[in-house]
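*Asks:* Structure incoming, see below.
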Amino acid sequence: MSAANAVPALGAAGPGLAWAVSQLPGGRLENGRIRAAGAEVALEHLSGAQGEDDYAVRFARGAQARVQANSAVGAISGLLALGELLRAGKTGSLRKYLRFRTRNYKHELRLDAHAPRSVVKYTDATWHALCRNLAARQFNGLVFYAGYHPFEFILDYKAFPEAAGKPEAERAAVRAALNRGLAIAHGYGLRTFIQHYCNHFTQELADHYKIATTGRLSAIDHPEIERYTRYCY
């Protein structure tokens, strides 16, 4: 049974599943099948789940283990749990109902290309390490906090040039780096979000339209701010 096709809800989580398989004792993918410590591992749907990421581990007759889940996070968690059982020499059944349906992890990063912790400095290894730790702890969402107005670093301002404060090439590079991280996170079954304070905007926009602003350029009742906010989203 193919790890990528066993549970349709797993979507694009192949990288996360491959990593989880590698954590099994002797774990490997062989001709589309999962094997561990001489046993074959089947991925199956979990019936009677209370939450989308619940999972179960069962041992069938013969050298076969069954990991049952309905989501990528559930399948990854089930494979990791199976690894713990195999290393302990146990073959008992395990069923896990996760208490909370939403389990987001908030990660602070910088989108400014010149900042010390800028997203452009994140390597694939960094992204994979972060996402593996989150998946192993049954988080199912990753929320990025990137300052008050992340759009100024990633938005395509071709239709709104008066609001742009960063060079287009710089924004394109930051956007590509962020999209790469989002793709890797999705590969571990994580939903991704960016925190943004509504009605924040750029200083360039305020200067262009001569809009009087507060210290953080927020809560301004102005038609151009409303137009800009609609453009961002």
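*Asks:* Hey, can you tell me all the residues within region 130-153 that are hydrophobic (A, V, I, L, M, F, W, C) and under 16 Å from Thr192 (Cα atoms)?
*Replies:* Step one: list which residues in region 130-153 are hydrophobic (A, V, I, L, M, F, W, C), which gives 130-131, 134-136, 139, 142-144, 146, 151, 153.
Once the filter is applied, which keeps residues that are hydrophobic (A, V, I, L, M, F, W, C) and under 16 Å from Thr192 (Cα atoms), region 130-153 yields Leu130, Cys131, Leu134, Ala135, Phe139, Leu142, Val143, Phe144, Ala146, Phe151.
*Asks:* Return the total of residues in region 137-178 being part of a helix (DSSP H, G or I), open to solvent by less than 40 Å² (accessible area, probe 1.4 Å) and in contact (Cβ under 8 Å) with a residue 60 or more places away in the chain.
*Replies:* 4
This table checks each residue for (1) under 30 Å from Ala164 (Cβ atoms); (2) within 24 Å of the chain's Cα centre (by Cα).
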{"residue": "Ala36", "(1), (2)": "no, no"}
{"residue": "Leu46", "(1), (2)": "no, yes"}
{"residue": "Gly74", "(1), (2)": "no, yes"}
{"residue": "Leu82", "(1), (2)": "no, yes"}
{"residue": "Tyr105", "(1), (2)": "no, yes"}
{"residue": "Pro116", "(1), (2)": "yes, yes"}
{"residue": "Ala125", "(1), (2)": "no, yes"}
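*Asks:* While we're on this one: Give the residue that is nearest to Ala69 (Cα to Cα), with candidates limited to residues of region 210-233 that are surrounded by 16 or more Cβ atoms within 10 Å (Cβ to Cβ) and not hydrophobic (A, V, I, L, M, F, W, C).
*Replies:* Out of the qualifying residues, it is Tyr228.
*Asks:* Residue check: is Asp207 open to solvent by 90 Å² or more (accessible area, probe 1.4 Å), outside any helix (DSSP H, G or I) and either without any contact (Cβ under 8 Å) to a residue 24 or more places away in the chain or among the aliphatic types (A, V, I, L, M) (or both)?
*Replies:* Working: open to solvent by 90 Å² or more (accessible area, probe 1.4 Å): yes; outside any helix (DSSP H, G or I): no; either without any contact (Cβ under 8 Å) to a residue 24 or more places away in the chain or among the aliphatic types (A, V, I, L, M) (or both): yes.
No.
*Asks:* Yes or no: region 84-91 includes at least one residue that is buried (at least 16 other Cβ atoms within 10 Å of the Cβ) and modelled with pLDDT under 95.
*Replies:* From region 84-91, those buried (at least 16 other Cβ atoms within 10 Å of the Cβ) are 85-86; that's our starting set.
From what's left, modelled with pLDDT under 95: 85-86.
Taking every residue of region 84-91 in turn, at least one turns out to be buried (at least 16 other Cβ atoms within 10 Å of the Cβ) and modelled with pLDDT under 95.
So that you can scan it fast, the table gives a plain yes or no per residue for (1) under 30 Å from the mean Cα position of the chain (by Cα); (2) within 30 Å of Ala135 (Cα to Cα):
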residue	(1), (2)
Lys166	yes, no
Ala173	yes, yes
Leu178	yes, yes
Ala185	yes, yes
Leu205	no, no
Tyr209	no, no
Ala212	no, no
Arg216	yes, no
Asp221	no, no
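*Asks:* Go through region 120-136 and give me each residue that's over 17 Å from Ala69 (Cβ atoms) and either among the acidic types (Asp, Glu) or open to solvent by less than 40 Å² (accessible area, probe 1.4 Å) (or both).
*Replies:* Asp124, Trp127, Leu130, Cys131
*Asks:* Are any of the residues in region 99-110 farther than 30 Å from Leu79 by Cβ, open to solvent by less than 40 Å² (accessible area, probe 1.4 Å) and part of a loop (DSSP other than H, G, I, E, B)?
*Replies:* Within region 99-110, none of the residues are farther than 30 Å from Leu79 by Cβ, open to solvent by less than 40 Å² (accessible area, probe 1.4 Å) and part of a loop (DSSP other than H, G, I, E, B).
*Asks:* Is at least one residue of region 187-194 open to solvent by 40 Å² or more (accessible area, probe 1.4 Å) and of a type in the set (Gly, Ala, Ser)?
*Replies:* no
*Asks:* Just to be sure before I move on: is Tyr231 in contact (Cβ under 8 Å) with a residue 24 or more places away in the chain and in a loop (DSSP other than H, G, I, E, B) in the structure I sent? So that I can check it myself, show each step before the final result.
*Replies:* Numbers: in contact (Cβ under 8 Å) with a residue 24 or more places away in the chain: yes; in a loop (DSSP other than H, G, I, E, B): no.
Criteria not met by Tyr231.
The values are calculated or read from the model by the stated rules, or taken from the named source; none is laboratory data. Just so it is clear, the model here is predicted, and its values are computed rather than measured. Every residue, glycine among them, receives a Cβ derived from its backbone with ideal geometry; neighbour counts consider all protein chains shown. Just the protein is used for accessible areas: all its heavy atoms, side chains included, with ligands, DNA and RNA removed. Shrake-Rupley method; radii C 1.70, N 1.55, O 1.52, S 1.80 Å.
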